[in-house]
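**Q** Once you've had a glance at the structure underneath, I'll fire off some questions.
The values are calculated or read from the model by the stated rules, or taken from the named source; none is laboratory data. Note that this is a predicted model, so its numbers are computed, not measured. As a convention, Cβ positions derive from the backbone with ideal geometry for all residues, glycine included, and neighbour counts pool all protein chains shown. The protein model used for the area step is the full one, side chains on, heavy atoms only, and it has no ligands, DNA or RNA in it. Shrake-Rupley method; radii C 1.70, N 1.55, O 1.52, S 1.80 Å.
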Amino acid sequence: MFNDIGPLELVTIVVLAVLVFGPDKLPKVIQDVMRTVRKIREFSESAKHDIRAELGPEFKDFEFEDLNPKTFIRKQLDNDELGLKEIRNGFDIKKEMAEVTEAVHSRDTDSSSDSSGGRIDMTKKPEDPGKDDRPPFDFDAT
């Protein structure tokens with residue numbers, strides 16, 4: 001419940017409680033606070049039980065902690081029914097690259113009628129060498 005309270009903060013709270021309530025009334029205040037916390041917990045558990053009873057048997061494994069988005073996503077990603085582990089294991093970049101390389105090499109052997117000896121020329125050449133390199137002027141754009 002108080003996971004983020006350090007020892008120095010706890011000592012400070014105790015000292016403040018003794019100063020505010022006094023050493024003679026402090027045990028009674030602690031009992032009242034604990035009784036109130038206990039009643040709130042019982043009320044919360046009763047409300048959870050009532051909600052589960054109203055939802056019916058199809059929601060018997062429903063947990064209220066799953067309403068937290070982080071918990072919900074973590075639970076769904078760990079679920080084996082989605083097949084994410086198979087997808088993750090099936091995604092092999094080296095295998096994909098080998099398949100692409102094989103496909104490219106098979107395309108090269110199919111197009112061996114090229115005069116360049118089966119190589120693809122990757123240099124950028126203008127479509128019309130005599131044409132001006134400027135793009136056409138667009139009167140509507142100005």
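**Q** I want to confirm something. Restricting to the stretch 73-93 and keeping residues that are in a loop (DSSP other than H, G, I, E, B) and modelled with pLDDT of 70 or more, which single residue is least open to solvent (accessible area, probe 1.4 Å)?
**A** This residue is ASP92.
**Q** What pairs come out if I take residues in the stretch 45-67 that are within 26 Å of ASP78 (Cα to Cα) and pair them with residues that are open to solvent by 100 Å² or more (accessible area, probe 1.4 Å) and among the charged types (D, E, K, R) whose C-beta lies under 9 Å away, six or more apart or interchain?
**A** ARG52/LYS60
**Q** If you don't mind, another one. Please enumerate the residues belonging to the stretch 53-72 that are of a type in the set (Asp, Glu), assigned to a helix (DSSP H, G or I) and out of contact with any helix residue (DSSP H, G or I) (no Cβ under 6 Å at 6 or more places or on another chain).
**A** GLU54, GLU58
**Q** Kindly check whether there is at least one residue in the stretch 41-52 that is surrounded by 10 or more Cβ atoms within 10 Å (Cβ to Cβ), at pLDDT 90 or above, in a helix (DSSP H, G or I) and more than 41 Å from the chain's Cα centre (by Cα).
**A** no
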